[in-house]
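Below is one structure, written out as structure tokens, with a few remarks after it.
The values are calculated or read from the model by the stated rules, or taken from the named source; none is laboratory data. What you are looking at is a predicted structure, and each value in this text was computed from that prediction instead of being measured. So basically every Cβ, Gly included, is an ideal-geometry build from the backbone, and we count neighbours across all protein chains shown.
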Amino acid sequence: MRLGTSLTSSHVVKDPREGARWMIERAAAAQRAGLDSLFVGDHHSTPAPYYQNVPMLGRLLAEWGDRPAGCLFLLPMWNPVLVAEQVGTLAAIARGRFIFQCGLGDGQPQFAAMGAEIKQRPSAFEEAFGIVQRLLRGETVSGGRRFAFENATVALRPAENVEYWIGGQALPAIDRAARLADGFLASPSLKLDDARSQIDYYRDRCVAHGRRPAAIAIRRDLYVGESPADARATADIVLARGYRGFSRESLVIGDVSEVVAQLRPLAAMGYTDVIIRHLTDDQPKVLGSMARLAEVRRALAA
């Protein structure tokens, strides 16, 4: 099972350069730890500072090396021609394979701010997804129902095939991943029983659609402590504030051996990748946890 990271992009700081520096330091720490993939997320018109995916990933790739990297696009809120152009540029900067994560997105204020209609998001997603794929294959494309444009082309295209992952939790989203994409990205909020039922459903739908997935990934929010006591104390501070409404069972908290034990059941279910994000935003603790992930990764690979 591979171990990657999706860096937190929201940081409440006095100087906005500080949050960007944290992300750069975390990407460098992930590279030193030998993690298998690097990602950033996607949100818009947020109440707290949020570092946008395309420029941020472009900078992080300077720290990363030749392993896979990518970012999430909430496709119904984007012009698909712009997405394809941005992916072409990022893939040219990247030394490794580009992984295109995508999802529907949620939240009426976010959609309204981006001039998108939330009620149309499933059809807009599928239309945009197909347009991006066609443009990155070198086709000339005109818009359809949701996107109005004519005769678009993207000349700067990835040197190697992009890998497409669709994220989601609802059954139609999981079926969409099986039908359209190379891989599926499961939600970080899933308890183990839900993680098992979702991967079983996804694999069944892959069979139904005659597709073999390249990756079956799951996000996990995590902290690897110096000791069990450090892990519990650090997590307790975060959980006391109500961490994203997640169940404690969906979080991964402990020292190296405890974290390995909590991740192994996911490998046994058939997940090929765990994409971690840190629970805490305390920079020294994140960097320490990231360093200890090297031990976690070696243990999972053994």
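Structural remarks
- Of all the residues in the range 44-59, those that are under 19 Å from Cys102 (Cβ atoms) and outside any loop (DSSP other than H, G, I, E, B) number 7.
- Condition check for Ala231: in a helix (DSSP H, G or I), crowded, with 17+ Cβ neighbours inside 10 Å, modelled with pLDDT of 95 or more and more than 20 Å from the chain's Cα centre (by Cα): yes
Residues checked against (1) surrounded by fewer than 18 Cβ atoms within 10 Å (Cβ to Cβ); (2) in contact (Cβ under 8 Å) with a residue 40 or more places away in the chain; (3) part of a strand (DSSP E or B):
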| residue | (1), (2), (3) |
| --- | --- |
| Glu160 | yes, yes, no |
| Ile166 | no, yes, yes |
| Gln169 | yes, no, no |
| Ile174 | no, no, no |
| Phe184 | no, no, yes |
| Leu190 | no, yes, no |
| Asp193 | yes, no, no |
| Arg196 | yes, yes, no |
| Ile199 | no, yes, no |
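- Taking (1) in contact (Cβ under 8 Å) with a residue 24 or more places away in the chain; (2) in a helix (DSSP H, G or I) in turn, Arg134 satisfies each apart from (1).
- The one condition from (1) of a type outside the set (Lys, Arg); (2) touching a helix residue (DSSP H, G or I) at 6+ places or on another chain (Cβ under 6 Å); (3) closer than 24 Å to Gln101 by Cβ; (4) in contact (Cβ under 8 Å) with a residue 60 or more places away in the chain that Leu293 does not meet is (2).
- Cross-chain or 6+ apart pairs with Cβ under 6 Å, the range 3-21 first and closer than 15 Å to Gln283 by Cα and without any contact (Cβ under 8 Å) to a residue 60 or more places away in the chain, then outside any loop (DSSP other than H, G, I, E, B) and of a type in the set (A, V, I, L, M, F, W, C): Ser9/Val40
- Any hit, the range 2-24, residues being surrounded by fewer than 19 Cβ atoms within 10 Å (Cβ to Cβ), at pLDDT 95 or above and under 19 Å from Arg97 (Cβ atoms): no
- Considering the range 251-283, and only residues there that are part of a helix (DSSP H, G or I) and not aliphatic (A, V, I, L, M), the residue that is farthest from Arg196 (Cα to Cα) turns out to be Gln283.
- Applying the condition of being without any contact (Cβ under 8 Å) to a residue 40 or more places away in the chain and closer than 15 Å to Asp42 by Cβ to the range 102-124 and asking which residue is surrounded by the fewest Cβ atoms within 10 Å (Cβ to Cβ) yields Asp106.
- Any hit, the range 79-101, residues being surrounded by fewer than 22 Cβ atoms within 10 Å (Cβ to Cβ), on the phi > 0 side of the Ramachandran plot and in a loop (DSSP other than H, G, I, E, B): no
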